[in-house]
Amino acid sequence: MKDVDTYDLSWDEWDELQRPAAEKTDFDDVVEAAISRRGFLSGVVAFGSGAAVMGTGLLSGTSAEAQTASRFGFTPIPIATDGTVHVPEGYTWQPVAKWGQPLFSDAEEFSQEIGVSVASSDRVFGENTDGMEAFMVGNRQVIAVNHEYVNTKVNLPHTGGETTSADDVLILQNMQGVTVMEVAEGPDGWDIVVDSDLNRRITHNTPMTIAGPAAGHDLMKTSADPEGVLTLGTINNCGAGKTPWGTYLTCEENFNGYFGSSDPDFALPEGYGRYGIGLEGRYGYEKFDPRFDVSQNPNEPHRLGYIVEIDPSDASSTPIKHTALGRFKHENAATVIAPDGRVVVYMGDDERGEFMYKYVSNGVYTPGGPTSALLDDGQLYVAKFNNDLTGQWVALTPEATGMDEAEIAIFTRTAASAVGATTMDRPEWVAVNPVAVEGYCCLTNNRNRGVKPNAGGDDTSINGPNPRAENNYGQIVRWYPSNDDHGTDTFTWDLYVMAGNPTVHDDKYGGSSNINEGNLFNSPDGMMFDSTGLLWIQTDGNDSNEDGFAGMGNNQMLAGDPSTGQIERFLTGPKGSEVTGLTWSADRRTMFVGIQHPAAPFPDGEGMLPRSTIIAVKRDDGAMVG
């Protein structure tokens, strides 16, 4: 290969450099190399027909030999298209926490007619669960869980889903954010410990501290906070993370949709376009809460789009927004300690044509030592994937971007574009393998290939880790830090899996060879490793079970073996739901899984309102789950 920067080449130009014209086959060699860099079971994984080339054949189907060699402690299950949860034989599930379930005894019980009252809306479990983490506080088990958004029709039945008053806004604001709750297992299973002093609701109105390079900047100042260091609320909390020192990281994603303008002629400030902030909000907050009216408070959107740290051991503690981790549509935060003790946080920006990021602290983590500066003083990087399967983490510095540190923190997307980062197919959850030095990111899908998603955004062109022109299925990219050090700025990469449908397609849209008729899925979204190094993949995609999605059924959770590439289905969710959020009890004998926005009357049965729910999954023999 010529000594060139392959990132700057088009696929046609790159292909011309690689091989003679007679050998060109629509750049399939790049894709094949990406999904076979290390191979599985000493074989080379190909895409297309679902067969493994030079391999054992394990990945082209689920053979008896595959089950014998499998690390999975379950028999894979088929797809489902009904309105409930299914788990393997020998496992059972039960609800733990449902939308509207009281956290405190003074809260009203959930009503099938009105949902949740305004008086109880900050005293009950919120709606539409997403990322979560479990913690031990002394000998007590605590779960912190996000509530991403609300369904207005079920939260505001008296108005048909329309926001008509300040009380309506308050209900919606309180149903979102974060729940911190103590849970305990009794004779009848797991349940919320009502009235625990650790129980807490964090909503759109909870006071928070702004920390890091953007704190105090003019763009962060408002009439309510002229110093630019205090704010209210965390919004559209999607994925999550956990620090080594035992705090919860909640991630603000689609914050832009909460803002609007009472003045239809208001000229939107510079920087709004790249983040999709317009004149009309999704929920009508701006009609009754001036904080969300950009014509009155144009800096308020600059105070959202961050990662927020919460201490689950102290319900009186003030959450902290860490601006050094950048402002974008944060999906989750995967934290790992580099060999020299520095803290590394991997993050995805969940929008088509946006980027993957990494933060590396300047200070080092010492167990029991100070942690207050570790997420505020460090370097933010953005990923650049080369077509030769190498990559760099490019530092977002004032010299490289032409922006000062506060501007980089506030307009991170603009800074990343300035250094030529690689556009991605919706980088969602990131996961770091606890038993190998490698990271994974779900690239959910991309229906906007060739379209700039936001004003000033980057063209979502085909590139190495995003190789399909019409990406309705998604893929998972994997990278290997140089020198087995997450703190380094170079890496190599491959594709762990390309989702697809080999029963419909015989090309790259059939997926990589570890996709077969027995494990079909689309739109990988949530993703977590367990302590043994198994990768659990959750989906949020097309559940029509028709045409190109035939054989995929409802959204689901699968287990993947990073060493062999084997992927098997463990759980299916109710029709219409997203399976999202995963954590374990301290003894790993219970798996907690989130079921978001079911369309069926789940989990209470026929005639009842659908309720987002955290369920507990256990093995009947009491062994560890998985």
Exclusive hit being assigned to a strand (DSSP E or B) and touching a Gly at 6+ places or on another chain (Cβ under 6 Å), set 179, 209:
179
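Can you tell which of 288, 259 is hydrophobic (A, V, I, L, M, F, W, C), buried (at least 19 other Cβ atoms within 10 Å of the Cβ) and in contact with a helix residue (DSSP H, G or I) (Cβ under 7 Å, 6 or more places away or on another chain)?
Matching residue, one of 288, 259: 259.
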Six or more apart or on different chains, Cβ atoms under 8 Å: show the pairs whose first residue is in segment 523-548 and assigned to a helix (DSSP H, G or I) and whose second is surrounded by fewer than 24 Cβ atoms within 10 Å (Cβ to Cβ).
547/504; 548/472; 548/501; 548/504; 548/505; 548/509
Which pairs have Cβ atoms under 9 Å, sit 6 or more apart or on different chains, and link a residue in segment 133-161 that is without any contact (Cβ under 8 Å) to a residue 12 or more places away in the chain to one that is assigned to a loop (DSSP other than H, G, I, E, B)?
138/313; 153/160; 153/161; 159/165; 161/151
Kindly indicate whether any position in segment 604-626 is modelled with pLDDT under 95, touching a strand residue (DSSP E or B) at 6+ places or on another chain (Cβ under 8 Å) and among the small types (Gly, Ala, Ser).
yes
In the set 494, 525, the lone residue that is closer than 15 Å to residue 441 by Cα, out of contact with any Pro (no Cβ under 8 Å at 6 or more places or on another chain), at pLDDT 95 or above and buried (at least 24 other Cβ atoms within 10 Å of the Cβ) is 525
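Being touching a Gly at 6+ places or on another chain (Cβ under 6 Å), crowded, with 22+ Cβ neighbours inside 10 Å, within 25 Å of residue 129 (Cα to Cα) and in contact (Cβ under 8 Å) with a residue 60 or more places away in the chain is the requirement here; does residue 203 meet it?
Yes, satisfied.
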Just to verify a result, which residue in segment 103-134, among those that are in a strand (DSSP E or B) and at negative phi, is modelled with the lowest pLDDT?
111
Taking only segment 409-426 into account, find how many residues are touching a helix residue (DSSP H, G or I) at 6+ places or on another chain (Cβ under 7 Å) and open to solvent by less than 10 Å² (accessible area, probe 1.4 Å).
5
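Is it true that residue 332 is touching a residue at least 40 places away in the same chain (Cβ under 8 Å), surrounded by 18 or more Cβ atoms within 10 Å (Cβ to Cβ) and within 20 Å of the chain's Cα centre (by Cα)?
yes
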Test residue 586 against the criterion of being more than 19 Å from residue 242 (Cα to Cα) and either of a type in the set (A, V, I, L, M, F, W, C) or over 20 Å from the mean Cα position of the chain (by Cα) (or both), and give yes or no.
no
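Could you tell me whether segment 602-610 includes any residue that is buried (at least 22 other Cβ atoms within 10 Å of the Cβ) and closer than 25 Å to residue 466 by Cα?
No, segment 602-610 contains no residue that is buried (at least 22 other Cβ atoms within 10 Å of the Cβ) and closer than 25 Å to residue 466 by Cα.
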Let me spell it out: the conditions are (1) surrounded by fewer than 20 Cβ atoms within 10 Å (Cβ to Cβ); (2) out of contact with any strand residue (DSSP E or B) (no Cβ under 6 Å at 6 or more places or on another chain); (3) not acidic (Asp, Glu), and residue 575 meets all of them except one. Which number is the exception?
(1)
Selected residue [touching a residue at least 40 places away in the same chain (Cβ under 8 Å) and open to solvent by 10 Å² or more (accessible area, probe 1.4 Å)] from 392, 379
392
Go through (1) among the polar types (S, T, N, Q); (2) more than 26 Å from the chain's Cα centre (by Cα); (3) closer than 23 Å to residue 538 by Cα; (4) modelled with pLDDT of 95 or more and name the single condition residue 94 misses.
(2)
Those residues of segment 427-450 which are under 16 Å from the mean Cα position of the chain (by Cα), closer than 18 Å to residue 541 by Cα and either hydrophobic (A, V, I, L, M, F, W, C) or open to solvent by 40 Å² or more (accessible area, probe 1.4 Å) (or both) amount to 429, 430, 441, 442, 443
Out of the residues in segment 88-102 meeting the condition of being among the polar types (S, T, N, Q) and in a strand (DSSP E or B), tell me which one is surrounded by the most Cβ atoms within 10 Å (Cβ to Cβ).
94
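Could you tell me whether residue 541 is open to solvent by less than 10 Å² (accessible area, probe 1.4 Å), within 15 Å of the chain's Cα centre (by Cα) and not aliphatic (A, V, I, L, M)?
no
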Residue selected from segment 141-173 under the condition open to solvent by less than 30 Å² (accessible area, probe 1.4 Å) and assigned to a loop (DSSP other than H, G, I, E, B), by the criterion farthest from residue 111 (Cα to Cα)
148
Take the residues in segment 308-329 that are hydroxyl-bearing (Ser, Thr, Tyr) and closer than 21 Å to residue 142 by Cβ; name whichever of them is most open to solvent (accessible area, probe 1.4 Å).
316
Given (1) more than 28 Å from residue 319 (Cα to Cα); (2) open to solvent by 10 Å² or more (accessible area, probe 1.4 Å); (3) aliphatic (A, V, I, L, M); (4) not in a strand (DSSP E or B), where does residue 373 come up short, assuming only one miss?
(1)
Look at residue 502 and say whether it is of a type outside the set (S, T, N, Q), open to solvent by 10 Å² or more (accessible area, probe 1.4 Å) and at pLDDT below 95.
no
Filtered residues of segment 547-572 (kept if β-branched (Val, Ile, Thr) and open to solvent by less than 10 Å² (accessible area, probe 1.4 Å))
567, 572
Residue under question is residue 181, and the condition is that it be within 26 Å of residue 582 (Cβ to Cβ) and either touching a Leu at 6+ places or on another chain (Cβ under 8 Å) or open to solvent by 10 Å² or more (accessible area, probe 1.4 Å) (or both); does it hold?
yes
Here are some residues: 270, 227, 280. Which one is in contact with a Ser or Thr (Cβ under 9 Å, 6 or more places away or on another chain) and surrounded by fewer than 24 Cβ atoms within 10 Å (Cβ to Cβ)?
280
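The values are calculated or read from the model by the stated rules, or taken from the named source; none is laboratory data. None of these values were measured; they are calculated from a predicted model. Cβ coordinates were reconstructed from backbone atoms using ideal geometry, including for glycine residues, and neighbour counts include every protein chain displayed. Calculation scope for accessible area: heavy atoms of the full protein, side chains included, ligands and nucleic acids excluded. Shrake-Rupley method; radii C 1.70, N 1.55, O 1.52, S 1.80 Å.
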